[in-house]
Amino acid sequence: MTSVPAAEGIFTWPSDLPQLIGSRCTACGIVTFPVQESCPRCASTEMEEHLLSRRGRLWAWTTQEFPPPSPPYNGADGDAFTPYGVGYVELPGEMKVETRLTEANPDVLSVGMEMELVVVPFRTDDDGNEVVTFAFRPAG
Amino acid sequence: MDVAIIGVGLHPFGRFPGVTGIDMGAVAIRRALADADVEWRDIQFAFAGSYEIDNPDAVVALLGLTGIPFTDVYNGCATAASALTLAAATIRLGDHDLGIAVGMDKHLPGAFSADPRLYACPPWYGELGHFVTTKFFGMKINKYMHDYGISRPTLAKVAAKGYRNGALNPNAFRRKPLSEDDILASPTLNYPLTQYMFCSPDEGAAAVVLCRAEDALRYTDTPIYLRATTVRTRRLGAFEVHSPWLPIEEAPGSTVDASRAAYEMAGIGPEDVDVVQLQDTDAGAEVIHLAENGFCPDGAQEALVSDGAFEIDGRLPVNTDGGLIANGEPIGASGLRQVHEIVLQLRGEAGERQVPGNPKVGYTQLYGAPGTSGVSILSR
């Protein structure tokens with residue numbers, strides 16, 4: 001079985017230490033995710049690729065306990081659906097990135113906890129490939 | 001040129017199989033016209049808000065093809081506030097003397113969905129399950145509770161107030177009181193929010209008739225003056241729905257900006273307000289919006305809710321008609337439903353849910369995707 005990323009250009013893959021692919025404005029320095037062609041702060045169109053930190057702290061979180069409306073959602077639905085965590089992880093000096101969390105237990109998740117990037121299975125596509133996506137998990 | 005509201009009308013909110021959104025819009029307009037004691041042919045211009053209905057101005061087929069300028073607006077959950085703002089501006093600018101703002105919608109059950117690309121988000125954002133408004137509300141209140149010490153039972157108390165007030169409102173969608181225990185025991189959708197802490201998309205319509213303030217007494221003995229109406233969108237750094245990322249820098253949300261602008265425009269402060277309508281997409285949103293609109297400091301909600309401050313007979317009644325939690329959210333109509341309730345309260349015509357003490361000043365606030373807020377301030 002081959003693993004394919006859920007979308008091209010959002011994280012480095014395959015990789016032992018995958019990173020999210022963002023962009024940085026060469027004029028004002030703001031970092032965005034995903035890559036965008038123009039700056040949301042100063043409207044410059046001079047953006048360069050910027051690989052984001054793999055570790056940060058949980059800034060906000062919730063759980064997703066029902067299958068999101070489909071479309072656009074194309075992951076497991078119905079009985080196959082498993083609740084997952086969602087949150088923003090603050091990457092120092094860069095941004096707060098919205099992400100799936102490997103942990104969905106409210107008793108385990110807490111604001112400020114150390115998190116790290118992982119790539120996890122998301123679904124199996126029509127060709128039998130394992131589609132993978134980025135997520136953050138509690139670190140150490 | 002000041003603006004007055006001389007008539008309000010509502011088609012009940014809920015589910016109405018076989019009744020179209022346009023039908024509901026026509027009912028709301030007819031009721032508003034009757035309330036103002038004017039005829040459709042007297043109306044010089046109109047703005048209509050809807051999400052589901054491409055051309056809500058087609059309502060003229062049911063009312064009369066009078067050829068007036070009739071403009072449709074859609075602006076997310078702030079659609080009705082936008083229709084009202086544009087209608088008021090048309091009078092303030094002196095273009096016309098008498099007009100109408102109407103909102104109507106008819107949604108399917110279940111959480112709202114859309115193509116993420118229409119919100120400047122990439123397709124994968126939706127495919128991976130991030131394009132869900134409810135989880136934003138879960139994250140925002142969960143963080144707020146962490147930062148300011150709000151408890152989950154407070155959310156249940158706020159939701160229970162919504163259902164209790166809805167039970168007093170013949171036009172509400174949900175008219176059955178629910179206990180705090182039942183609300184807490186319903187399935188968690190997005191922690192800490194349970195099913196009964198959320199409103200539902202539904203159906204309904206609302207309309208208001210507006211005129212130049214100096215003409216108002218020709219139509220009614222009880223004009224309600226529209227002292228301010230504002231719309232604002234998010235600034236960089238605000239924590240808003242459908243954001244794949246946020247910058248490190250932080251800014252207040254669009255509601256704070258719309259609220260401050262409205263207070264300035266009206267020359268009225270939060271301490272002068274007697275009755276309030278807030279966007280309670282979920283119970284947490286009402287808690288946050290109390291502070292974002294200046295009605296209490298962050299964190300004070302825990303004690304104020306416990307003391308009953310926001311009940312109909314409390315210090316500052318909030319969502320006296322049951323809010324979105326009891327009325328649901330037909331997007332195009334929701335903000336005009338808020339105005340309808342404030343007008344009834346200020347006229348002393350709110351029946352069983354009338355706020356005591358002759359309230360003089362009312363306030364409404366809408367918030368929705370992708371970070372748009374609308375505020376209005378009304379007074380006798």
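The values are calculated or read from the model by the stated rules, or taken from the named source; none is laboratory data. Predicted model, so just to flag it, every value in this text is computed and none were measured. FYI the Cβ positions are ideal-geometry reconstructions off the backbone, even for glycines, and counts take in every protein chain you see.
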Can you tell me which residue within region B:187-214, out of those that are of a type outside the set (Ser, Thr, Tyr) and without any contact (Cβ under 8 Å) to a residue 24 or more places away in the chain, is nearest to residue B:7 (Cα to Cα)? B:195
If you scan region A:16-34, which residues turn out to be within 11 Å of another protein chain (Cβ to nearest Cβ) and either under 22 Å from residue A:116 (Cβ atoms) or of a type in the set (S, T, N, Q) (or both)? A:20, A:22, A:23, A:31, A:32, A:33, A:34
Please identify the pairs in which a residue from region A:1-26 that is charged (D, E, K, R) has its Cβ atom under 9 Å from the Cβ atom of a residue that is assigned to a loop (DSSP other than H, G, I, E, B), counting only partners at least 6 apart or on another chain. A:24/A:30; A:24/A:94
What are the residues in region B:132-153 that are at the interface with chain A (Cβ under 7 Å from one of its Cβ atoms) and in contact with a Ser or Thr (Cβ under 7 Å, 6 or more places away or on another chain), if any? B:135, B:138, B:139, B:142
Just for region B:244-269: of the residues that are free of Cβ contacts under 8 Å to residues at least 40 places away in the same chain and of a type in the set (Gly, Ala, Ser), which one is farthest from the other protein chains (Cβ to nearest Cβ)? B:269
When region B:270-301 is examined, which residues are found to be free of Cβ contacts under 8 Å to residues at least 24 places away in the same chain and among the polar types (S, T, N, Q)? none
With respect to the numbered conditions (1) more than 14 Å from chain A (Cβ to nearest Cβ); (2) part of a helix (DSSP H, G or I); (3) charged (D, E, K, R); (4) buried (at least 19 other Cβ atoms within 10 Å of the Cβ), which one is the sole condition not fulfilled by residue B:174? (2)
Farther than 23 Å from residue B:311 by Cβ, crowded, with 17+ Cβ neighbours inside 10 Å, modelled with pLDDT under 95 and small (Gly, Ala, Ser), is that true of residue B:114? yes
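Matching residues to (1) of a type in the set (Ser, Thr, Tyr); (2) part of a strand (DSSP E or B):
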| position | (1), (2) |
| --- | --- |
| B:205 | no, yes |
| B:211 | no, yes |
| B:215 | no, no |
| B:225 | yes, yes |
| B:228 | no, yes |
| B:258 | no, no |
| B:263 | yes, no |
| B:286 | no, no |
Of all residues in region B:178-195 being surrounded by 20 or more Cβ atoms within 10 Å (Cβ to Cβ) and in a loop (DSSP other than H, G, I, E, B), the one that is farthest from the other protein chains (Cβ to nearest Cβ): B:178
Among the residues of region A:109-126 satisfying the criterion of being acidic (Asp, Glu) and either under 25 Å from residue A:4 (Cβ atoms) or facing chain B (nearest Cβ under 9 Å) (or both), which is surrounded by the most Cβ atoms within 10 Å (Cβ to Cβ)? A:116
Filter result for the condition that a residue is surrounded by fewer than 16 Cβ atoms within 10 Å (Cβ to Cβ) and either of a type in the set (A, V, I, L, M, F, W, C) or over 23 Å from residue A:136 (Cα atoms) (or both), over A:44, A:3: A:44
Extreme residue, modelled with the lowest pLDDT, among residues of region A:52-67 that are more than 7 Å from chain B (Cβ to nearest Cβ) and under 21 Å from residue A:6 (Cβ atoms): A:67
Please work out which one of (1) within 10 Å of chain A (Cβ to nearest Cβ); (2) modelled with pLDDT under 95 is the condition residue B:201 fails and give its number. (1)
Selected residue (criterion: nearest to the other protein chains (Cβ to nearest Cβ)) from residues of region A:80-102 that are loosely packed, with under 13 Cβ neighbours inside 10 Å and assigned to a loop (DSSP other than H, G, I, E, B): A:93
Residue B:121 fails exactly one of the following numbered conditions: (1) of a type in the set (A, V, I, L, M, F, W, C); (2) out of contact with any helix residue (DSSP H, G or I) (no Cβ under 7 Å at 6 or more places or on another chain); (3) farther than 30 Å from residue B:40 by Cα; (4) away from every other protein chain (no Cβ under 14 Å). What is the number of that condition? (4)
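Per-residue answers, yes or no, for (1) within 11 Å of another protein chain (Cβ to nearest Cβ); (2) within 17 Å of the chain's Cα centre (by Cα):
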position	(1), (2)
A:44	no, no
A:69	yes, no
A:104	yes, yes
A:107	yes, no
Filter region B:116-141 down to residues that are outside any helix (DSSP H, G or I), in contact with an Asp or Glu (Cβ under 9 Å, 6 or more places away or on another chain) and over 24 Å from residue B:332 (Cα atoms), then give me how many there are. 1
